[in-house]
Amino acid sequence: MPKPRAASLETATARLRLTPRKKPYCVKLAIGIALGYRRNAGAGTWSVRVADGAGGEWLKRIALADDLEPAAPPQVLTYWQAMEVARKLARRQAGAEDESRPVTVAEALDRYETDLNLRGGDPQNARRVRAHLSPAIASKPVSLVGANDLKRFRDAIAASDLTAATVNRVCAGLRAALTLAAEHDTRIGNQRAWKVGLRRLPNAHRARNVILDDAAVRLIVEKAHAHDPALGLLTETLASTGARLSQAARLECGDLQADRARLMLPCSGKGRVVTKRHERRAVPISYGLTEKLKDAAAGRPADAPLLTQGDGAAWGHSKLARHHDDLRTVVTAAGLDPDKVTFIALRHSSIVRMLLANVPIRVVASLHDTGVQSIERNYSRFITEHSDEIARRALLQIEPPAAAGTVFSLTGRPS
């Protein structure tokens, strides 16, 4: 295979005749790949420049040139040696050391998704970022990403039809991927770039919790059982425990403690504690639900999924999972709006139900695997709306108490 020739770069003598400058002297190796030589006051340096074909490129220093000392790979390289290393790094061929090649943003997202899968996290945190990432940023090394690049990325998706909360979730996923890359490569020192460029949009949090009264919840459970017994058991479990679907889907037969009428509910895995995904918390359930779950678990291994679909497959919790369309049918049959009432409404209703029953907020937070501050932030308005009768008992009565025997009409005047 012919190798590109560059008489001014091939020998140390020729290179030393070049004028020292910051901009590298370059020779094209292939489409989108160039070998660069920077002429310094002392020994020059080799670098590789790679274009992505979409307006983006990255530049990485390879090694010193053999200007003042003999070649000693990998620290000091000749022109021909630098050319081979540049090709390997650009093409990512076997033999190119992973530690020496700069990780790109796209690769950082791949590693982040792998890390999420290994830790039992939600890979959607990485996938939703890819849906909005431009090729120019995706191909750029993490160490070269600037705050302006990331701010333009954030502002571009904010200008679309996404809500501010969704924009913040996308940025949080990208920020986590870049942070993970920096933790594994000490050469990445531009963490401030994504802290500034991916700064959260203000006033993004707007609670849109749908709270259902007990009659509506019972009707949904009834319609779910009529539509599909397996879906009905899942729906009743969610309504009774206030769990997230992702938690209920991970319940195992051994998590049912029928003698104590409770479930050892898996934690959500949110937060920074890696082992939290495997923790469980005791949540009481009704005796009726206990018997139904006991029948479902009968004769099955302790580590088998407790709640399954009709065909025995585990329940998924994405929008593409089978339950999504089935639940819309159930909610419609109950006379409610399927665009507003989803499984999460059962969780919100459970939290408000317990708060109105004077269950201590710390206990409510623990049973629902959330925090006290989150409950106060998200549910205070709904508690007020649903607690008229409770609050009315403590209202100050400006009017004096009615005399014994006095009868008031509906207008409030004595008759």
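The values are calculated or read from the model by the stated rules, or taken from the named source; none is laboratory data. Small disclaimer: the values here were computed from a predicted structure and weren't measured. Positions of Cβ are backbone-derived with ideal geometry, glycine not excepted, and every protein chain shown enters the neighbour counts.
Checked against (1) under 27 Å from the mean Cα position of the chain (by Cα); (2) over 20 Å from K223 (Cβ atoms); (3) at pLDDT 85 or above; (4) part of a loop (DSSP other than H, G, I, E, B), P338 meets all criteria but (2). Just one of the numbered conditions (1) of a type outside the set (S, T, N, Q); (2) within 30 Å of D149 (Cα to Cα); (3) modelled with pLDDT of 95 or more is not true of R192: (3). In the condition set (1) assigned to a loop (DSSP other than H, G, I, E, B); (2) more than 27 Å from I188 (Cα to Cα), R15 is compliant with all but (1). Restricting the first member to segment 382-401 and to residues that are under 23 Å from I211 (Cα atoms), and the second to residues that are modelled with pLDDT of 75 or more and in a loop (DSSP other than H, G, I, E, B), the beta-carbon pairs closer than 6 Å and six or more apart or on different chains are F382/I211. When P4 is tested against (1) in contact with a strand residue (DSSP E or B) (Cβ under 6 Å, 6 or more places away or on another chain); (2) modelled with pLDDT of 90 or more; (3) more than 11 Å from D67 (Cα to Cα), just one condition goes unmet, and that condition is (2). Picking from residues in segment 343-374 that are assigned to a loop (DSSP other than H, G, I, E, B) and touching a residue at least 24 places away in the same chain (Cβ under 8 Å), the one that is farthest from the chain's Cα centre (by Cα) is H368.
Could you check, for segment 59-74, whether at least one of its residues is within 24 Å of A136 (Cβ to Cβ) and either in contact with a Phe, Trp or Tyr (Cβ under 6 Å, 6 or more places away or on another chain) or of a type in the set (G, A, S) (or both)?
Applying the first criterion (within 24 Å of A136 (Cβ to Cβ)) to segment 59-74 yields 59-62.
Among the residues that remain, those that are also either in contact with a Phe, Trp or Tyr (Cβ under 6 Å, 6 or more places away or on another chain) or of a type in the set (G, A, S) (or both) are: 62.
Checked segment 59-74: at least one residue is within 24 Å of A136 (Cβ to Cβ) and either in contact with a Phe, Trp or Tyr (Cβ under 6 Å, 6 or more places away or on another chain) or of a type in the set (G, A, S) (or both).
Restricting segment 18-48 to residues that are outside any strand (DSSP E or B) and more than 20 Å from E69 (Cα to Cα), the residue that is farthest from the chain's Cα centre (by Cα) is R21. In segment 375-415, the qualifying residues are those that are surrounded by 12 or more Cβ atoms within 10 Å (Cβ to Cβ) and in a loop (DSSP other than H, G, I, E, B), and the one that is modelled with the highest pLDDT is S387. Counting only helices (runs of 4 or more DSSP H) that sit wholly inside segment 112-160, those with at least 2 residues that are surrounded by fewer than 16 Cβ atoms within 10 Å (Cβ to Cβ) are 124-130, 147-158. Remark: N209 falls outside the filter, which requires a residue to be outside the structural domain of I62 (by TED's automatic domain parsing), surrounded by 19 or more Cβ atoms within 10 Å (Cβ to Cβ), within 23 Å of N378 (Cα to Cα) and not acidic (D, E).
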